[in-house]
């Protein structure tokens, strides 16, 4: 912090003030002492700001040794930021705006650069701040894939192809080709529950007053003890709709019927509202004559559920465990779906509802054929044939992992007792209990230093007022700032203000869980801004004294007293007011 402020040409007192706001902040201290990603993120953001500030000091010495050194250091730091957390893109945005501003100035013909020289400036920044950091980012994943070559507990997150590229993968060992007339268990990927039916029927009238078909229930059960393999009510026989014979393979895009082994009926969905989701369709099992009369309503297409539109129509052999499917109803064009956020009442034995989801592309409409339960001991599929580990190009694996990382990050949307909204962060209205022991009466409570947080918020608001006042008075040919002060306000302080805003306001657009620690990068940049702004208001900005003579330079006494008062308040709040939160 001190070195960054010094590189931005602020006074020693301003450097000390910015450093103190971070050094004596409760949230920054707690975060740095625990094993959290945010500690690495904060370090990377700080290094990025330092490197770019140092680079800016050599802008009059382009392509010199130190110019290249700090430009490369900025690229490496940016790579560290984005490699730590996706919010590093906010830091990229901040530096990107600064670079675009530089290039816009260099493009001015008054700067005397030829287009060839300007192109050199552009390419230098493009390769060092985009291409080079991206290569470093790729390197970490290359290292990751090179070291983690064996199967592990996280396999289920990845696609079947990815899993088959791992050594000792259960998928490669246990996956079997599925044939017609196989009896299988069908598992929902998200809830890890099995498609199930029994002789109980839906009640004719639900508690809400809605009417059902009063037909045999179709549900899902969670099988923690492994009983689904032995329970005929969780077994389904795959029946062809063509002249396929027993032993013929089942492929994606095939249209099939599912016969319930336990009761002998056929799976069907129709335009009747499901028990818990009035907008979804009810799933039932029909028997005998009804199954024949309603034949078209018992037809389902097996659609490959891998990402990419081209993959959806791909025709591949369906395998147990490995092939992820959407089971689409031909007649009403809905996808079979289940959920565990609300269970069926007593008449449904507290099991999961199965219904037809009209949003067929939803990511939670995914099923797999888990196991074949009627495989003959002499079946050739019973014999394990060692398979060579599948090779997948690095970039394909990397792209799949990026998509999954982004998806699961956005899935963190459930309620949390310590979650908070961004409007509570600048004033540190709510914290997070990181750890507590009721017996020992000890607690680690994550909360910001209110003195520092409130000062930052106040000075950020005052800065906006300064800018608006300057813009309005300038329109009336009244200059309240001299050239040097205006340059400092719009260039240096303006850059830091934009950096704070870029790390703060995007959180308003996110639907995921949010906590106070998400504000720490913005708090870090706001601390830089606060030190600079305190110096700014303690400096002559163009006003004249009673004799019409403008006072000169920095008012050091005023800055010294302001800095000392703020630091004393910061330390007091840290040591006295907040000590009970730490332990």
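The values are calculated or read from the model by the stated rules, or taken from the named source; none is laboratory data. Being a predicted model, the structure only gives us computed values, none of them experimental. Using ideal geometry, Cβ is built from the backbone for each residue, glycine included, and neighbour counts are taken over all protein chains shown.
Reported count of residues in the stretch 205-232, each being crowded, with 19+ Cβ neighbours inside 10 Å and either modelled with pLDDT of 90 or more or more than 20 Å from residue 189 (Cβ to Cβ) (or both), is 7. Pairs linking a residue in the stretch 58-70 that is assigned by TED's automatic domain parsing to the domain that holds residue 125 to a residue that is assigned to a loop (DSSP other than H, G, I, E, B) and exposed (fewer than 15 other Cβ atoms within 10 Å of the Cβ), with Cβ atoms under 7 Å and 6 or more positions apart or on different chains, are 58/64; 67/61.
Determine if the stretch 384-392 includes at least one residue that is within 30 Å of residue 208 (Cβ to Cβ) and touching a helix residue (DSSP H, G or I) at 6+ places or on another chain (Cβ under 8 Å).
No.
Among the numbered criteria (1) surrounded by 16 or more Cβ atoms within 10 Å (Cβ to Cβ); (2) assigned to a helix (DSSP H, G or I), which single criterion is violated by residue 10? Residue 10 satisfies all of (1) surrounded by 16 or more Cβ atoms within 10 Å (Cβ to Cβ); (2) assigned to a helix (DSSP H, G or I) except (2). Taking the stretch 113-170 as the range and being in a helix (DSSP H, G or I), closer than 30 Å to residue 318 by Cα, in contact with a helix residue (DSSP H, G or I) (Cβ under 8 Å, 6 or more places away or on another chain) and touching a residue at least 24 places away in the same chain (Cβ under 8 Å) as the test, the residues that pass are 145, 157, 160, 162, 163, 164, 170. The listed residues are 520, 493, and the only one of them that is closer than 16 Å to residue 421 by Cα, touching a helix residue (DSSP H, G or I) at 6+ places or on another chain (Cβ under 8 Å), buried (at least 19 other Cβ atoms within 10 Å of the Cβ) and in contact (Cβ under 8 Å) with a residue 24 or more places away in the chain turns out to be 520. Among the residues of the stretch 231-249, those identified as part of a loop (DSSP other than H, G, I, E, B), in contact (Cβ under 8 Å) with a residue 24 or more places away in the chain and closer than 24 Å to residue 287 by Cα are 231, 235, 241, 244, 245, 246. Among the residues of the stretch 409-463, those identified as over 25 Å from the mean Cα position of the chain (by Cα), free of Cβ contacts under 8 Å to residues at least 12 places away in the same chain and either buried (at least 18 other Cβ atoms within 10 Å of the Cβ) or within 23 Å of residue 504 (Cβ to Cβ) (or both) are 458, 461.
Among 381, 326, 315, which is the only one that is outside the structural domain of residue 256 (by TED's automatic domain parsing) and in contact with a strand residue (DSSP E or B) (Cβ under 9 Å, 6 or more places away or on another chain)?
So the residue among 381, 326, 315 that is outside the structural domain of residue 256 (by TED's automatic domain parsing) and in contact with a strand residue (DSSP E or B) (Cβ under 9 Å, 6 or more places away or on another chain) is 381.
Residues in the stretch 98-112 that are in contact (Cβ under 8 Å) with a residue 60 or more places away in the chain and exposed (fewer than 14 other Cβ atoms within 10 Å of the Cβ): none.
Answer with yes or no whether residue 448 is in contact with a helix residue (DSSP H, G or I) (Cβ under 9 Å, 6 or more places away or on another chain), over 17 Å from residue 562 (Cα atoms) and assigned by TED's automatic domain parsing to the domain that holds residue 531. Here the answer is yes, as residue 448 does meet what is asked. For the stretch 393-437, the set of residues classified as in contact with a helix residue (DSSP H, G or I) (Cβ under 9 Å, 6 or more places away or on another chain), closer than 25 Å to residue 520 by Cβ, at pLDDT 80 or above and assigned to a helix (DSSP H, G or I) consists of 402, 422, 423, 424, listed by residue number. With the structure loaded, tell me whether residue 43 is over 29 Å from residue 505 (Cβ atoms) and part of a helix (DSSP H, G or I) or whether it fails that test. It is false that residue 43 is over 29 Å from residue 505 (Cβ atoms) and part of a helix (DSSP H, G or I). Against the definition (on the phi < 0 side of the Ramachandran plot, surrounded by fewer than 19 Cβ atoms within 10 Å (Cβ to Cβ), without any contact (Cβ under 8 Å) to a residue 24 or more places away in the chain and within 39 Å of the chain's Cα centre (by Cα)), how does residue 201 come out, yes or no? So residue 201 does not fit the description; no.
Does the stretch 469-484 include one or more residues that are in the same structural domain as residue 574 (by TED's automatic domain parsing), within 30 Å of residue 23 (Cα to Cα) and either under 26 Å from the mean Cα position of the chain (by Cα) or crowded, with 16+ Cβ neighbours inside 10 Å (or both)? Please lay out each step first, then the result.
So in the stretch 469-484, the residues in the same structural domain as residue 574 (by TED's automatic domain parsing) come out as 469-484.
Among the residues that remain, those that are also within 30 Å of residue 23 (Cα to Cα) are: none.
Checking the stretch 469-484: not a single residue is in the same structural domain as residue 574 (by TED's automatic domain parsing), within 30 Å of residue 23 (Cα to Cα) and either under 26 Å from the mean Cα position of the chain (by Cα) or crowded, with 16+ Cβ neighbours inside 10 Å (or both).
Of the candidates 70, 66, the single residue that is buried (at least 18 other Cβ atoms within 10 Å of the Cβ), at pLDDT 95 or above and more than 30 Å from residue 571 (Cα to Cα) is 70.
Out of all the residues in the stretch 364-408, which are free of Cβ contacts under 8 Å to residues at least 12 places away in the same chain and under 30 Å from residue 238 (Cβ atoms)? Across the stretch 364-408, the qualifying residues are 376, 377, 378, 379, 380, 382, 383, 385, 386, 388. Within the stretch 178-198, the set of residues being more than 31 Å from the chain's Cα centre (by Cα) and more than 18 Å from residue 306 (Cβ to Cβ) comprises 179, 180, 181, 182, 183, 184, 185, 196, 197, 198.
The set of residues from the stretch 363-372 being more than 19 Å from residue 251 (Cα to Cα) and either at pLDDT below 85 or touching a helix residue (DSSP H, G or I) at 6+ places or on another chain (Cβ under 9 Å) (or both) comprises just one member, 363. Counting the residues of the stretch 24-37 that are surrounded by 19 or more Cβ atoms within 10 Å (Cβ to Cβ) and part of a helix (DSSP H, G or I) gives 5.
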